[in-house]
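The block underneath contains the structure these notes are about, expressed in structure tokens.
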Amino acid sequence: MKNKALKEAFLYLGVTLFFSYFIFWGPIAFFKIETANLVAGKIGPLWAFILFILGGFVPSGVGIALTAIFEGKPGLRDLFHSSIQIKLGLKWYLLILSVVLFYGSLLILFYTMLGGKFYFAQFWIQLPTIIPLIILGPLSEEFGWRGFALKRLLKTQNANLASLIIGLGWAFWHLPLFFMLGTSQHDFNVPIIPFLISVTSSSFIYTYIYLRTKKSLYSAIFLHWVWTYVMQVISSNVTRTYLYNWLEWIPPFLIGLLFILLLRVDKDRREKPYEYG
């Protein structure tokens, strides 16, 4: 049973990366076709733009498809039910908001220490955009990363190793964006290594909250949602410099280390660390 779960998790990672690299994002990046210039607000050829958007839904699409294959209708029902379990408990909502606000505050602190001026009113001005943001990121990804892959890895690995595997897969899934005209990663010259560290580090946060909320997929969706909004506001209001780009990985890395420790403490408390909920 454990070997089956492990094979299914790596099958998911392989299929997801294959579709992203060779079907959707990879060809667009390789041939330098501009799809959506997120900086200038321009859209390229319609067919390329459609591929770009569909590529963002690959993680959830593959997760849902493989759930249907391996678990059938009962598995799909459980997956979607877990995505709407909004009764997490007040402390978990507060923890999620606190983590994201602490992360955002550190980024803003670094920016102001480097001489930048941040306009906090943008958090209110951009608030209407938070509704569509639940689709681009949380819903388009979390049915796969946490809803399918993490669920299986936790049956075979301890929580920290499972988080590392998911984090690396999640980080490298973004890789084509660095070579795709119009994306913030490409046009802002975001360094690849700090970005990979940031995404991988944040994976430990998702795992801890996912486990402690009885494997509620909604907890990951909500965290991803708030995280994406805060990052959007900050990224759209900072003037990136070489130094700022290379400092950006520090906040998620430090927070990730904290949650690695928390996951380790939980492991020591349980005979079987992956049997939560």
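Every number in this text was worked out from the coordinates using simple rules, so none of it is lab data. Source: prediction; values computed, not measured. We place every Cβ from the backbone using ideal geometry, glycine too, and count neighbours over all the protein chains shown.
Of note:
- Filtered by the rule that a residue be loosely packed, with under 15 Cβ neighbours inside 10 Å and more than 25 Å from F143 (Cβ to Cβ), the stretch 95-117 gives S98, L101, F102, S105, L109, T112, M113, L114, G115, K117.
- Any helices (runs of 4 or more DSSP H) falling wholly within the stretch 31-139 and containing at least 2 residues that are closer than 19 Å to Y206 by Cβ, out of contact with any helix residue (DSSP H, G or I) (no Cβ under 9 Å at 6 or more places or on another chain) and free of Cβ contacts under 8 Å to residues at least 12 places away in the same chain: 90-113
- If only residues of the stretch 170-181 that are aromatic (F, W, Y) and crowded, with 19+ Cβ neighbours inside 10 Å are counted, the one that is farthest from the chain's Cα centre (by Cα) is W173.
- In the stretch 224-269, residue farthest from the chain's Cα centre (by Cα) [restricted to those that are of a type in the set (A, V, I, L, M) and closer than 20 Å to N158 by Cβ]: V265
- Of the candidates G144, G167, the single residue that is without any contact (Cβ under 8 Å) to a residue 60 or more places away in the chain and buried (at least 16 other Cβ atoms within 10 Å of the Cβ) is G167.
- Taken over the stretch 207-232, the criterion of being farther than 21 Å from G256 by Cβ and in contact with a Gly (Cβ under 8 Å, 6 or more places away or on another chain) is satisfied by K214 alone.
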